[in-house]
Amino acid sequence: MFARGNQRWIVTAIPYAWMLVFFLVPFLIVLKISFSSTEIAQPPYSPTFDLINDVWVDTLEKLQALQFDNYKRLFTDSIYVESYLSSLWIAGTSTLMMLFLAYPIAYGMARAPKSIRPTLVMMVILPFWTSFLIRIYAWISILSEEGLLNSLLVSLGIIDEPMQILSTNTAVYIGILYSYLPFMVLPLYSALEKMDDSLIEAAKDLGCTQFQAFWRVTFPLSIPGVIAGCFLVFIPAVGEFVIPDLLGGSETLMIGKTMWEEFFNNRDWPAASAVAVALLIVLMIPIVIFQSNEARQQEMR
């Protein structure tokens, strides 16, 4: 009995130890740097306090004297405010567009014959077999003025001359929609695939049309998949860096791109760390909402 209890403790402790080493410790390091001052040195910051080398009394005194200048800049410097607002707007808009695009795909997969459903799921996750960076570079060649898309549109007579798609926000939306589409389709498919078809038949027997049966029965039952898919897309899209950097232009503002420029171009590690901490706090809000919703769903079941 004691051995079994130890085994359960070990199994539970492993993921917590993983989170402690690879999330909490790096976060504390970033948090410490965010309270530092910028220096022309290596590393390019001067620590405000050191929990390892300082005695507790000195450390507590320094904690009381902490300056939040780096965090104040997030609200006073327009580049940070615009980057946060632009990231939230682009991520939110992309999530809504992806929901309207992914729902018919997931619905069709859930209503397909059971024999071909595994094949359809494999086709959805097939892009993951290729490097994310390679797929984004492929979109560069597709969206450029001499790329496949413009060549096709010109040859069909839809446009007279190539359009400027690359290095615009439109290209960023296309890249996000393509990259994160499976994260929206799979939760929706999981929710729709479990639904009992007899509920639709009962709704029709009670006088509902096909659309009314969908809106009153199918969609409400798929809400958990909708919520999960939206969070799985929105949260990583807010901090996206590769897509706006490669597909967006110089006027494309997203907080991930701004953070990278602060770290590597301006070498302002304290400001970049403050941006990272603030971004994590912002993203914790939808995560807490998602967890609360999941807990309510479990209680209802």
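Which residue out of ALA191, ALA202 is assigned to a helix (DSSP H, G or I), in contact with a Pro (Cβ under 6 Å, 6 or more places away or on another chain) and under 22 Å from ALA110 (Cβ atoms)? On inspection, the qualifying residue turns out to be ALA191. Can you confirm whether the stretch 47-56 contains a residue that is under 20 Å from ALA278 (Cβ atoms), surrounded by 12 or more Cβ atoms within 10 Å (Cβ to Cβ), within 32 Å of the chain's Cα centre (by Cα) and modelled with pLDDT of 70 or more? So far as the stretch 47-56 goes, yes, one or more of its residues are under 20 Å from ALA278 (Cβ atoms), surrounded by 12 or more Cβ atoms within 10 Å (Cβ to Cβ), within 32 Å of the chain's Cα centre (by Cα) and modelled with pLDDT of 70 or more. Within the stretch 105-127, is even one residue closer than 30 Å to GLU251 by Cα and touching a residue at least 60 places away in the same chain (Cβ under 8 Å)? Scanning the stretch 105-127, I find no residue that is closer than 30 Å to GLU251 by Cα and touching a residue at least 60 places away in the same chain (Cβ under 8 Å), so the answer is no.
Taking the stretch 108-131 as the search range and keeping residues that are hydrophobic (A, V, I, L, M, F, W, C) and outside any helix (DSSP H, G or I), which one is surrounded by the fewest Cβ atoms within 10 Å (Cβ to Cβ)? Going through the qualifying residues, I end up with ILE116.
Only one residue in GLU193, GLU294, GLU262, GLU201 is in contact with a helix residue (DSSP H, G or I) (Cβ under 6 Å, 6 or more places away or on another chain), farther than 21 Å from LEU85 by Cα and either surrounded by fewer than 21 Cβ atoms within 10 Å (Cβ to Cβ) or modelled with pLDDT under 90 (or both), so which one is that?
Answer to the check: GLU193.
Assess whether ALA274 counts as being buried (at least 21 other Cβ atoms within 10 Å of the Cβ) and part of a helix (DSSP H, G or I). For ALA274, the condition - buried (at least 21 other Cβ atoms within 10 Å of the Cβ) and part of a helix (DSSP H, G or I) - is met. Looking at this structure, is SER250 surrounded by fewer than 12 Cβ atoms within 10 Å (Cβ to Cβ), assigned to a loop (DSSP other than H, G, I, E, B) and either touching a residue at least 40 places away in the same chain (Cβ under 8 Å) or over 19 Å from the mean Cα position of the chain (by Cα) (or both)? Spelling it out, SER250 is indeed surrounded by fewer than 12 Cβ atoms within 10 Å (Cβ to Cβ), assigned to a loop (DSSP other than H, G, I, E, B) and either touching a residue at least 40 places away in the same chain (Cβ under 8 Å) or over 19 Å from the mean Cα position of the chain (by Cα) (or both). Residues in the stretch 183-222 that are closer than 11 Å to TYR103 by Cα and β-branched (Val, Ile, Thr): VAL185 only. Out of the residues in the stretch 71-102 that are in a helix (DSSP H, G or I) and charged (D, E, K, R), state the one that is nearest to THR218 (Cα to Cα). Going through the qualifying residues, I end up with GLU82.
Would you check which residues across the stretch 1-36 are among the small types (Gly, Ala, Ser) and either at pLDDT 80 or above or in a loop (DSSP other than H, G, I, E, B) (or both) and list them? Before you say what the answer is, go through the steps one by one.
Of the residues in the stretch 1-36, the ones among the small types (Gly, Ala, Ser) are 3, 5, 13, 17, 34, 36.
Across the stretch 1-36, the qualifying residues are ALA13, ALA17, SER34, SER36.
ALA237 meets each of the listed conditions (1) assigned to a helix (DSSP H, G or I); (2) touching a residue at least 12 places away in the same chain (Cβ under 8 Å); (3) surrounded by fewer than 16 Cβ atoms within 10 Å (Cβ to Cβ); (4) of a type in the set (Gly, Ala, Ser) apart from (3).
Do we have ILE105 as assigned to a helix (DSSP H, G or I) and crowded, with 16+ Cβ neighbours inside 10 Å here?
Criteria met by ILE105.
Just one residue in the set VAL217, VAL226 is touching a helix residue (DSSP H, G or I) at 6+ places or on another chain (Cβ under 9 Å), of a type in the set (Val, Ile, Thr) and touching a residue at least 60 places away in the same chain (Cβ under 8 Å); that residue is VAL226. Of all the numbered requirements in (1) within 26 Å of PRO244 (Cβ to Cβ); (2) surrounded by 16 or more Cβ atoms within 10 Å (Cβ to Cβ), SER151 misses one, and that requirement is (2).
The values are calculated or read from the model by the stated rules, or taken from the named source; none is laboratory data. Bear in mind the structure is a predicted one, so any value in this text is a computation, not a measurement. Because the Cβ atoms are built from the backbone with ideal geometry, glycine has one as well, and the counts that use them run over all protein chains shown.
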